[in-house]
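Below is one structure, written out as structure tokens, with a few remarks after it.
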Amino acid sequence: MSILDPAGAGDSLKRTSLHQELAEKLRELIVRGELSPGQKVPEKELCAYYGVSRTPLREALKVLAADRLVSLEPNRGAWVTRITVADLEEVFPVMGALEALAGELACEKITDAEVDEIAALHEEMVAQYEAGALDGYFTLNQRIHEAILAAARNETLTAQYRALAARVRQARYVANMTTSRWRQAIEEHEEMLRCLRAREGAALARTLRDHLAHKKETVRDWLLAATAAND
């Protein structure tokens, strides 16, 4: 068969799409804690649930292993990567720098319509906060950060950001958020919106970097408390 045969090319693309789609579904299960840190990935059950064979599932797990969300052990399968304090110290400062740069670039390039869209997301997020709906809050929170990233209009930055985003989200989901920290996060988002409206790039960069540093401390405190409780 010629490598230019349309049927062959189409079949290859479908297989690639399938494992990528599976990777995204598994990524969300891990980020939300439905597959918890240290848990063995139940490959047989996942294949049955999604109606796929082991081949695309294992290709999907290789993608997640590259993102350090799972670890692959020969003849033992895949395990969800545990979150450690060392991981936080490695990942969060890098993510903070990327978010700060995104904020600076966004203030240079964002349109009034995009600011209005972020403001609308912010209002929805505040409503979720007031209702005590943590899942809804997290979803809208992520959409706001992604909207700022999109407004930066920098593909290289976007690629680097997304390579780390799942690990940061996973850490955020597993940690308990105190009432005071949640309120602080809302105030930080209000400052982000103010900076965007005023196009204050340096101020937004500082706020985004501080916002992520505070997230790191929340997760770090939770991890240390959990470790102490298990000792």
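Here, each number is a calculation from the coordinates, and none is a lab measurement. As the structure is a computational prediction, the values presented were derived from the model and not from experiment. For neighbour counting, all protein chains shown are included, and Cβ atoms are generated from backbone atoms with ideal geometry for every residue, glycine included.
Numbers at a glance
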| quantity | calculated |
| --- | --- |
| Fluctuation leader among GLY38, GLY96, GLY51 - the chain, Gaussian network, Cα springs under 10 angstrom | GLY51 |
| Highest to lowest packing among 83-89, 136-142, scored as the average C-beta count within 10 Å | 136-142, 83-89 |
| Within the chain: Cβ-based charge dipole about Cα centre, in debye rounded to nearest 20 (Lys, Arg +1; Asp, Glu -1) | 800 debye |
| ARG162 paired with ALA120, simple spin-label distance in nm, labels 7 Å along Cα-to-beta-carbon | 2.3 nm |
| Sequence-separation-based contact order of segment 6-80, relative, with Cα cut under 8 Å and 6+ spacing, percent | 35 percent |
| Degrees separating the helix 201-230 axis from the principal Cα axis of the chain, which is the longest one | 60 degrees |
| Backbone N within segment 66-92 under 20 Å of label point (7 Å from GLU45 Cα along the Cβ vector) | 69-73, 76-83 |
| Helix axis angle, 179-198 relative to the chain longest principal axis, alpha carbon, degrees | 80 degrees |
| Paramagnetic label zone (point 7 Å from Cα along Cα-to-C-beta, ASP210; backbone N under 14 Å) in segment 177-194 | 184-194 |
| Proximal lysine pairs, the chain, alpha carbons under 23 Å, eight or more residues apart or interchain | 8 |
| Computed over the chain: relative contact order in percent, which uses C-alpha pairs under 8 Å that are six or more apart | 25 percent |
| C-alpha center-to-center spacing [segment 21-36, segment 204-229] in angstrom | 22 Å |
| Gaussian network model of the chain, springs between alpha carbon atoms under 10 Å - residue of ARG220, ARG54, ARG76 with greatest fluctuation | ARG76 |
